[in-house]
Amino acid sequence: MKKIYLGGLEACSCHNEKKLLENIIFDNDDWCLVNDYKMADIIVIIDTCMGTYSRIENSINYIKRVLSTKKSDARVVVSGCLLKKVNFAFPIEWIEILEKTEQVSSDELIKYVINILGTNIDSRRYLIPYSLLPNGIQISPVEGCLNNCSFCKSTYMDFSLRSIPLNDIELLMNNVIDKNDEPIYFINAHSSNLSLYGVDLYGKPRAHELISTLSNIEQVKFIQASALINWYPELLKEILNNPKIKSIFISLESGSERIYNLMNRPITLNKLVEIIKEIKKYRPDIIINTEFICGFPTETKDDVDKTIDLVCELDINPLFIHPYENSAQIPASTLPQFSSGYIFEAYDYANSKLSSYKHKFVYNVKNGELLILDKNPNLKMYKVMLVDGRIWYVNYNCFDKEYNVGDIIPKNISGRSRILRKQV
C-alpha cells in the first residue's frame, strides 16, 4: 500500500482541500494516510501562507525542510496561497526551492491528486471545496475579496473573487446529501467575504440567494454564515427573515472610529453597529460572532477600551482577538508601528476584559437541533461534535457543568477522541 501525507506549516481556514483529499484517499484501497511526511511516497503541502512576509518565509523554510528530509524518491506537491500572484518579487533562493516541487493551484489540486492516485473516483464530487462534519457540511462558495482593508494581504496578492456558480453548489449539495451515510442537518457557508458571493459571476452580490438556496434543503435545520462584511438590503432582509440562520460572523476589527477608518473598512462603523443592533432586535436567537485586531498602528489604550466597550454593549461573541501583524507589503505598514511587546500587552488586556463574553460557539447538531455550549471562562473555546447522540470529537479536556442534553455530555470528559480511518 502506498503512503500519502497531507499537511503544511499550519492549518489554514481558507481551504478545505485536506478534508476532500482525505475522503478520496479513504475511498481508495491502494493508498493510506500517514502522519509523518518522512514515511510518505507522496507529500502534499496544502497549507501555505501569504498572510505576512514572515509567514511566506516560514512556508518556504518548511518546504525546504521537507525537501531535505523526505524519502529520496518521494514526490512533493505544493499548493495553497503561496502560489498566488503578488506585487513583489520573491528572492531567487525561494524560487529555486519551489522549482524542486510540483506546484499546483488550489483550484486544480483535487484533480491533480486524483490523477496521481490513479483512482477511478468521480472527481465531480470533489471539485467544489467542502468538508464533512458530523451531521453537517462546510462549503466555501466564494474565495477572495474586493475591500483592500489596510491590514489585509489582499492588498498585495491576487485575492480576486472566484465564486462557484449557484447551480454547481446545488448539484454538490444534492450529491453529498444523497451519498453521505449520516444525515446533513447543518451547513456552514464559510468564505473570506461571503457577502460578495456572485459579484464576479452575476455582476451583483447574490449571497442572499445562496443562503436561501441552502435553506431550501428540507433536512437542513440551521445554517451558519461567515464572514458577512459588505452589507446590502437584500442580505440583511434574508438574515432577519430566514429562521434557519442561527449563527453569523461579522468582522468588527475595531470599535474606535478613528482606528476603524484607518483600516479602510468597506462600510462605516456607525452603519455596521446599526446592522448588528437591528439583527439583535429582530433576531435575538442568532449568535453573532466577531473578531478584532489589537495593536493596530497608532491605537491607544482608549481605542482598545472603545472596542471592548462596544463588544460588551452589543453583546456579541468575540470569537477571535488577533494581535496586529505587520508586513512591509500592506498599506498599514506606512503608519508608525508599535513594538511586539506593546501589541501583545494590548492583546492580553483585551482578552482578559472579554473572557466572560467568549461564551457561545455553534458547531454542533443532535437530531437536527442546535446545540450551544456556554464557555467556562477558565478554558479556551471548545467544541463537541455529535453523531447520533454519541460523542464523536471532543476538543479540550473538561466541562464545568451539566448541559440540557441529557447524558450526552457528562460533567468531565478527559482527552480527545476522533475516528480516523486508514491512518498509520
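The values are calculated or read from the model by the stated rules, or taken from the named source; none is laboratory data. All of these numbers come straight from a predicted model, not from anything done at the bench. Every residue, glycine among them, receives a Cβ derived from its backbone with ideal geometry; neighbour counts consider all protein chains shown. Heavy atoms of the whole protein, side chains included, go into the accessibility calculation; ligands, DNA and RNA do not. Shrake-Rupley method; radii C 1.70, N 1.55, O 1.52, S 1.80 Å.
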message = Step by step: first the residues of the range 79-104, then only those that are open to solvent by 30 Å² or more (accessible area, probe 1.4 Å) and in contact with a helix residue (DSSP H, G or I) (Cβ under 6 Å, 6 or more places away or on another chain), then the one that is nearest to Tyr62 (Cα to Cα). Which residue is that?
response = Lys100
key: Contacts under 6 angstrom Cβ, first residue in the range 269-295 being more than 14 Å from Ile250 (Cβ to Cβ), partner aliphatic (A, V, I, L, M) and surrounded by fewer than 17 Cβ atoms within 10 Å (Cβ to Cβ), 6 or more apart   = Tyr282/Leu240
query = What strands (runs of 3 or more DSSP E) completely inside the range 92-199 contain at least 2 residues that are modelled with pLDDT under 85 and within 19 Å of the chain's Cα centre (by Cα)?
reply = 130-133, 136-139
request  = Would you check which residues across the range 204-240 are open to solvent by 20 Å² or more (accessible area, probe 1.4 Å), part of a helix (DSSP H, G or I) and in contact (Cβ under 8 Å) with a residue 24 or more places away in the chain and list them?
outcome  = His208, Glu209, Ser212, Thr213, Glu234, Leu236, Lys237, Glu238, Leu240
request  = Please indicate, with yes or no, whether at least one residue in the range 8-15 is open to solvent by less than 70 Å² (accessible area, probe 1.4 Å), in contact with a helix residue (DSSP H, G or I) (Cβ under 6 Å, 6 or more places away or on another chain), among the aliphatic types (A, V, I, L, M) and modelled with pLDDT under 90.
outcome  = yes
note = Of the conditions (1) in contact (Cβ under 8 Å) with a residue 40 or more places away in the chain; (2) farther than 25 Å from Phe151 by Cβ; (3) among the hydrophobic types (A, V, I, L, M, F, W, C); (4) open to solvent by 60 Å² or more (accessible area, probe 1.4 Å), the single one that Leu201 does not satisfy is (1)
task = Would you be able to tell me the number of residues in the range 241-250 that are surrounded by fewer than 21 Cβ atoms within 10 Å (Cβ to Cβ) and within 23 Å of Asn351 (Cβ to Cβ)?
result = 0
